[in-house]
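The values are calculated or read from the model by the stated rules, or taken from the named source; none is laboratory data. Owing to the predicted nature of the structure, the values given are computational and were not obtained by experimental measurement. Cβ sites come from the backbone with ideal geometry, for glycine too, and all protein chains shown count toward neighbours. Accessible surface is based on the protein model in full, side chains and every heavy atom, while ligands, DNA and RNA are left aside. Shrake-Rupley method; radii C 1.70, N 1.55, O 1.52, S 1.80 Å.
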Amino acid sequence: MTRLWVVVILLSGQTLAAPIDTRVHLGVASCAAGVCHGKGAQDQQSNVWLNEFRIWSADDRHARAYQTLLTDESKTIAAKLGLPSAQGAKICLDCHADNVQTSKRGPKFQISDGVGCEACHGGAESWIETHTEPDATHRSNLAQGMLATEDINVRAQICLSCHLGTANQFATHQILGAGHPRLRFELEAFTQNQPPHFSVDADYRERKGAPSGFEVWRAGQLQAAIRYVELLNSPLYPGDGWLPDFAFYDCHACHHPMDDVRWHASRRGQGLLPGSPRLQDQHLLMIRALAEASNTAVVPTLTQLTDNLLQAGQKGEDAVHGAATELAAWLKQQDWLKSGDDRSTATRKAIAELAAQGVLSDFAHAEQAFMGLETLSIHIGDARGLQSRLDELFDTVESDETFSPSKFRAAARRLLNAL
Ligand code: HEC
Ligand code: HEC
Ligand code: HEC
Ligand code: HEC
């Protein structure tokens with residue numbers, strides 16, 4: 001698992017509109033000229049760096065996403081799935097490249113560019129000319145169709161389209177079973193871990209605002225929870241066979257040694273039966289921590305809706321669709337998750353408490369809890385002082401192969417005592 005130790009503060013915006021991108025994609029070569037975004041070093045005169053292409057091509061894994069499809073690992077995955085090749089398969093290209101329809105590709109577009117500028121910023125057809133004009137503003141660029149990556153809810157949706165999936169591009173259990181790595185996502189950590197090609201300075205704040213690490217983390221949890229329950233409502237959940245797609249369930253409910261019995265009595269309180277897989281609820285549990293810290297009145301409803309969903313996951317498709325619909329509607333109404341005070345200290349404590357109580361018992365819970373605890377500590381500013389406790393907690397989630405719920409819980413208790 002990756003970690004981050006840099007502190008940078010980011011941007012703002014609160015709409016829930018899905019990013020819609022229907023413009024022609026001109027290709028990275030259209031952005032990369034030496035006088036445009038391909039300078040050798042940061043340009044001191046301009047408000048943006050103008051060396052974004054250099055950073056992306058040298059250090060950003062998105063630039064290598066297509067090349068990944070040519071590796072032996074991808075060849076093996078493709079062969080197991082019965083695909084002639086990975087780089088020729090739509091299902092792989094949809095997330096490992098900017099795979100827009102052929103009619104939406106400009107003359108310089110190359111699929112081998114991988115996840116290029118326009119995969120995140122939107123097709124540049126309608127703004128490539130205007131965005132360099134002297135009177136261009138960020139607002140006028142957005143009006144021309146540039147995607148609002150500075151809006152953290154929109155950004156979360158863009159990233160999640162590949163890092164969790166959509167109804168059309170998804171890492172099914174078949175793809176995972178063929179060897180694809182398990183996907184996990186936390187917006188603030190992943191924003192920080194992408195090599196930065198922008199800086200949030202005074203000029204940036206003036207143009208785009210600057211949400212805090214807490215706000216970015218919160219937006220990521222909300223959008224991931226909404227995306228997950230919406231995917232449960234798509235045709236992906238029942239899948240093609242007589243069993244639902246296992247990718248929606250907690251991986252480690254099935255994938256751990258049998259002599260390490262993890263079922264505990266509290267799950268019976270949730271209405272769950274031993275020996276059955278559980279749907280994933282790691283993002284819902286992070287939202288529960290947010291609720292414990294900022295809006296305790298909603299905790300009983302959220303807990304009930306989550307339990308209903310988990311129980312439905314042991315009943316069948318209709319029950320899942322019903323519970324997911326209710327939960328999606330509820331999540332979208334929670335305006336307190338889109339604005340409001342900085343409750344980072346109380347939220348961090350709530351995560352540590354849920355972990356120390358053993359509520360966060362699955363590996364995916366523990367992984368999100370660790371990322372949240374570290375992200376929020378960096379935001380709060382005391383991560384250095386807590387470093388040995390965070391390191392100890394990291395050791396317990398570093399590998400899902402050796403994950404032990406009791407060791408995680410004990411490390412969480414020690415961190416809680418240090419807060
Ligand atoms: C079009 C699909 C797509 C979009 C959109 C996308 N990513 Fe990715 N991302 C990928 C793929 C594929 C990889 C893995 C690339 C590889 O190594 O081959 C990746 C890798 C990463 C990594 C490295 C992961 C690691 O384990 O170190 C980070 C960080 C990341 N993405 C952050 C983001 C963020 C933040 C956003 C949104 C602003 C985003 N991504 C949007 C497809 C996407
Ligand atoms: C839903 C989007 C999605 C789909 C579909 C998808 N991938 Fe990925 N893939 C990702 C992301 C995101 C990562 C990076 C995961 C991370 O590090 O968090 C990744 C990582 C990988 C890696 C590991 C790369 C590394 O450097 O560690 C391989 C190999 C890979 N994908 C191959 C494939 C192949 C082959 C297919 C088609 C069968 C495919 N992927 C389909 C999103 C996807
Ligand atoms: C994985 C998603 C992703 C990819 C790929 C990507 N960007 Fe970005 N970019 C972002 C995010 C997120 C931000 C920060 C939010 C914002 O300012 O809009 C950003 C910001 C920017 C900014 C604004 C800086 C400022 O000060 O306002 C520029 C310019 C930019 N990117 C250019 C590029 C170029 C050129 C490429 C391709 C070489 C590229 N980006 C590739 C996600 C991406
Ligand atoms: C309901 C139980 C269940 C869940 C939940 C589940 N799997 Fe599986 N998984 C299986 C079964 C059954 C197989 C087939 C094992 C075999 O062929 O020996 C399998 C196979 C695999 C394999 C191939 C392993 C091998 O040895 O061939 C991988 C990798 C994998 N799953 C990953 C995942 C990931 C990642 C998740 C969570 C997103 C997940 N699984 C969720 C039951 C499950």
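General remarks:
- Candidates in region 36-45 are the residues that are over 15 Å from Val200 (Cβ atoms) and more than 9 Å from ligand 3 (Cβ to nearest atom); of these, the one that is least open to solvent (accessible area, probe 1.4 Å) is Asp43.
- Members of region 128-146 found to be open to solvent by 20 Å² or more (accessible area, probe 1.4 Å) and either in a loop (DSSP other than H, G, I, E, B) or touching a residue at least 60 places away in the same chain (Cβ under 8 Å) (or both), listed by number: Ile128, Glu129, Thr132, Glu133, Pro134, Asp135, Ala136, Thr137, His138, Gln144, Met146
- Filter pass, Ala65 being among the hydrophobic types (A, V, I, L, M, F, W, C) and over 24 Å from the mean Cα position of the chain (by Cα): no
- Out of Leu10, Leu26, one residue alone is modelled with pLDDT of 95 or more and either surrounded by 13 or more Cβ atoms within 10 Å (Cβ to Cβ) or more than 12 Å from ligand 3 (Cβ to nearest atom) (or both). It is Leu26.
- Residue check for Glu125: of a type outside the set (A, V, I, L, M, F, W, C) and either assigned to a loop (DSSP other than H, G, I, E, B) or open to solvent by 50 Å² or more (accessible area, probe 1.4 Å) (or both): yes
- Qualifying residues in region 229-243 (those that are within 14 Å of ligand 4 (Cβ to nearest atom) and open to solvent by less than 20 Å² (accessible area, probe 1.4 Å)) - the one farthest from the chain's Cα centre (by Cα): Tyr237
- Reported count of residues in region 172-183, each being touching a Leu at 6+ places or on another chain (Cβ under 9 Å) and either within 17 Å of Ala119 (Cα to Cα) or near ligand 1 (Cβ under 10 Å from one of its atoms) (or both), is 1.
- Enumeration of residues in region 79-108 that are open to solvent by 30 Å² or more (accessible area, probe 1.4 Å) and part of a loop (DSSP other than H, G, I, E, B): Gly82, Leu83, Pro84, Ser85, Gln87, Gly88, Asn99, Val100, Gln101, Pro107, Lys108
- Any hit, region 221-231, residues being within 16 Å of ligand 3 (Cβ to nearest atom) and closer than 30 Å to Asp43 by Cβ: no
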